[in-house]
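The structure appears below as structure tokens.
The values are calculated or read from the model by the stated rules, or taken from the named source; none is laboratory data. Bear in mind that the values here come from a model prediction, so they are computed numbers and not experimental data. All Cβ positions, even for glycine, are placed from backbone atoms using ideal geometry, and neighbour counts span all protein chains on display. Note: accessible area is taken over every heavy atom of the protein model, side chains too, but ligands, DNA and RNA are not part of it. Shrake-Rupley method; radii C 1.70, N 1.55, O 1.52, S 1.80 Å.
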Amino acid sequence: MFELFIVVLDSTVRLSVPLLFACLAGLYSERSGVFDIGLEGKMLVSAFFAAVVSFESGSVWIGLGGGIIASIALSLVHGVAAITFRGNQIISGVAINFIAAGLTPLLGNYWYKRGGSTPALADEGRFLPIHLPFAEEMKDVPYIGNIYEELISGHNFLVYLGFAAVGFTYWLLFKTRFGLRLRAVGENPTAVDTAGISVIALRYRAVIICGILCGIAGAYLSIAQSSGFVVNMSSGRGFIALAALIFAKWKPVNALFACLLFGFLEAVAIPLQTYDLPLIGKMPVQFIQATPYILTVILLAGFIGKAIPPKAGGEPYVKER
Amino acid sequence: MSDKATLPRWIDIGLLPLINLIFAISISAAVVLIIGENPIEVAGILIYGALGYEEGIGYTLYYATNFLFTGLAVAVAFHAGLFNIGGEGQAYLGGLGAALVCLNFPNLHWAIIIPMAIIATAFFGALWAFIPAYLRAKRGSHEVITTIMFNLIAGSLMSYLLIYILSPEGTNQPLTDRFTPNSNIPKMHDMLSWFGIEFESSPLNMSFFLALLCAFGMWVLIWRTRFGYAVRTQGFSPSAATYAGISSAKVIIITMCISGALAGMLAVNESVAVAERLIIEFAGGFGFVGIAVALMGRNHPVGIVLASILFGILYQGGADLAFEIPTISKEMIVLIQGLIILFMGALEYMFKPVMLNVYHTLASGQSDTSVGEAS
């Protein structure tokens, strides 16, 4: 039973990481006042280009860079539309999701003729599990050994990076001058502008950080979790990340727990199907899949605490009024 | 806003969107060039596939019917300042309404069951929009996020229902039984043959006229009724609406329900008329494209009819294109749609400062020609 529990937690971690990166990506953007429903599209584009670049270069690091650059490019499209031209941020996000969903299979099919998928990556083109020291030796120690060997050790680099990113984001947002300004620009851009700080430059920086993190999220899917790109690989994870962001009330540490919760739900959805639960009987997988969204709606409705978005979110900033 | 920042109507609703559209198409053409095909040839195949023969025209208008419903749905909500991106889920639920009527009352006369099915699609679509609307009106939850969530919840709900409840015994496929023949909506080629006109067989059916009727109904509602005035006031300035004694909660809820009902009626075309059964993910993408249609049609019914036909051409022509040129997969159309949404919607103001400059320079003579807009 304990071992099963650890196995479930292990896959929870694995499934949470892409959500976590995307969720933090959205956090930077939305905290600066730029709503982003295009997380999904950026993840998809990054997953594709990470796989392509990794395959062509044979280096997982160059692949990761390729994915990140692709994601930043789409982020900048969003930035130009939302910040410079003061367009509707929701519409821009929808457009980005469409462009990603159209471009990736089109290019994939053109380059590799495999119906949009990319060729399978060799080991040097992927992020492989890192075995922490003494994992083998500690394997037989009851409980602790199991936790260390199975749950803590044996993940790829990006998993550890993801957890580190939570702490880093917390520090950056709440302990640095840049973070203070970033949060301020999402709440009251006029005040920031009055203080002589460029609203536009701050928002662009936030959008670029968003691109980098979405890029890592997408690369995780294609060059860490699996070995290559398949069509529509992100399959709604960008939207789950968006739900997690709201569920976390736009706070980095909460984001970690929200993503772990949603990752956990994903991890148990399939195994739960086969078990007869007391009172309920068999739990249909669709119900568990819908749970993150239902929880988010309930939270948005203010029935369990209230999710209040950054005040200036979604509003383009107009200097003189 | 001063006079300097305004443009004549023909530029604002004619020329500027046209420039944006040309931009979107140019980038699409560039992508076609990159993958080594000739954009002119591709455009030719696309247009021939959509308009060059009767069956193609039928398919084009059949797709246009879907876009009309979802485009009108988005536009109605836009007028109240609401962004309904839940058309996808509302259409899906509309299909459930259709299935419940058509599967449970197989023996009713067509004159009863077809209107019932239409009402059921609208009702279920409206119901799925009601919850986000209520939460927006009473609890202040942003409708964009809640409708996205409701799309995803609808996806899970419907796949559960189709796999475990609605699919007939002994099959594993996520679809229902065939609907009763009584609920068949006449196809266009059948109807034309009653008058002795030959037309190639296609899925185009009477729902097209239902959609046009909805477009007319939307025009009447928004511009010719008291309620429509309240909707536009709410959209223009919610505080002005409140001062005028308009209950914004009521306007939000009713408008979103109308929007949901329109999206739900997509199922009349897709499920009742064409598939004649409920199939998993039948709403696939049409709800989201409705946003592009509404944007392109500038939220006006006439514009939306034209935009729907354009998107119908893209869809049908694109399907033929993927068939003719294997290097161009059907996702090319998704990309073009994305670019149209980007340029017509998110970047709609991109050329406005330039255009203001050009227009006021050309139209000048007076001294106050300098343009205050600096970006």
query: Give me the pairs: first residue in the range B:15-31 and farther than 13 Å from B:A43 by Cα and within 14 Å of chain A (Cβ to nearest Cβ), second residue open to solvent by 50 Å² or more (accessible area, probe 1.4 Å) and in a helix (DSSP H, G or I), beta-carbon distance under 8 Å, and six or more apart or on different chains, which are they?
result: B:L16/B:K352
- request: Output the residues belonging to the range A:288-303 that are within 7 Å of chain B (Cβ to nearest Cβ) and farther than 12 Å from A:L261 by Cβ.
  value: A:Q289, A:A290, A:Y293, A:I294, A:V297, A:L300, A:A301, A:G302
message: Tell me whether the range A:152-166 contains one or more residues that are touching a His at 6+ places or on another chain (Cβ under 9 Å) and surrounded by 14 or more Cβ atoms within 10 Å (Cβ to Cβ).
response: yes
message: Going by what's in this entry, would B:S141 be described as small (G, A, S), closer than 20 Å to B:T176 by Cα and at the interface with chain A (Cβ under 9 Å from one of its Cβ atoms)?
response: no
field: Yes/no for B:N84 being open to solvent by less than 50 Å² (accessible area, probe 1.4 Å), of a type outside the set (S, T, Y) and either at negative phi or free of Cβ contacts under 8 Å to residues at least 60 places away in the same chain (or both)
entry: yes
query: Which number in (1) open to solvent by 60 Å² or more (accessible area, probe 1.4 Å); (2) within 14 Å of another protein chain (Cβ to nearest Cβ); (3) in contact (Cβ under 8 Å) with a residue 24 or more places away in the chain marks the one condition that A:K113 misses?
result: (3)
task: Spot the failing condition for A:A122; the list is (1) surrounded by fewer than 18 Cβ atoms within 10 Å (Cβ to Cβ); (2) within 7 Å of another protein chain (Cβ to nearest Cβ), and only one is missed.
output: (2)
- request: Would you mention how many residues in the range B:337-354 are over 16 Å from the mean Cα position of the chain (by Cα) and more than 7 Å from chain A (Cβ to nearest Cβ)?
  value: 5
query: Does B:G36 satisfy the criteria of being of a type in the set (G, A, S) and either away from chain A (no Cβ under 14 Å) or free of Cβ contacts under 8 Å to residues at least 60 places away in the same chain (or both)?
result: no
field: Pair list, Cβ under 6 Å, 6 or more apart: the range B:210-230 residue under 17 Å from B:A294 (Cα atoms) and at pLDDT 95 or above, other residue open to solvent by 20 Å² or more (accessible area, probe 1.4 Å) and hydrophobic (A, V, I, L, M, F, W, C)
entry: B:A215/B:V305
message: Which condition from (1) in contact (Cβ under 8 Å) with a residue 24 or more places away in the chain; (2) farther than 26 Å from A:S59 by Cα; (3) open to solvent by 30 Å² or more (accessible area, probe 1.4 Å) is the one that A:F257 breaks?
response: (1)
task: Just one of (1) open to solvent by less than 50 Å² (accessible area, probe 1.4 Å); (2) modelled with pLDDT of 95 or more trips up A:G236, so point out which.
output: (2)
- request: Among the residues of the range B:319-332, write down those that are open to solvent by less than 10 Å² (accessible area, probe 1.4 Å) and either outside any helix (DSSP H, G or I) or facing chain A (nearest Cβ under 9 Å) (or both).
  value: B:I328, B:M332
- prompt: Among the candidates A:F85, A:F48, A:F127, A:F98, which residue alone is more than 14 Å from every other protein chain (Cβ to nearest Cβ), out of contact with any strand residue (DSSP E or B) (no Cβ under 6 Å at 6 or more places or on another chain) and either surrounded by 24 or more Cβ atoms within 10 Å (Cβ to Cβ) or at pLDDT below 95 (or both)?
  reply: A:F127
query: Among (1) at positive phi; (2) within 11 Å of the chain's Cα centre (by Cα), where does B:F286 come up short?
result: (1)
message: For the range B:108-131, check the following and say yes or no: at least one residue is away from chain A (no Cβ under 14 Å), open to solvent by 60 Å² or more (accessible area, probe 1.4 Å), within 22 Å of A:M283 (Cβ to Cβ) and over 27 Å from the mean Cα position of the chain (by Cα).
response: no
